[in-house]
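The values are calculated or read from the model by the stated rules, or taken from the named source; none is laboratory data. Keep in mind it's a predicted model, so treat the numbers as computed, not measured. For neighbour counting, all protein chains shown are included, and Cβ atoms are generated from backbone atoms with ideal geometry for every residue, glycine included.
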Amino acid sequence: MSEDIDPREAERIRRRDQDLDAEKRALMKPGMGKVFKQIQDAQARAADEPPKRRRARSPRPRP
């Protein structure tokens with residue numbers, strides 16, 4: 001399969017894959033577990049709270 005791909009295209013694919021792997025590795029850095037936990041806790045709190053009721057906006061005359 002790699003024989004069918006242009007060398008420039010193969011290099012572009014390799015860089016793209018390397019960039020995606022770098023993003024995954026960044027999430028595994030020390031301290032990111034705490035950030036992940038904070039996000040999960042915030043989402044759990046939001047799910048437990050009833051949705052806020054919005055007041056109907058009164059139509060204001062436009063100048």
Exercise for review: Answer yes or no as to whether ASP17 is surrounded by 10 or more Cβ atoms within 10 Å (Cβ to Cβ) and over 15 Å from the mean Cα position of the chain (by Cα).
Suggested key: yes
**Study point:** Of the criteria (1) over 15 Å from the mean Cα position of the chain (by Cα); (2) at pLDDT below 80, which one ALA47 fails
**Key:** (2)
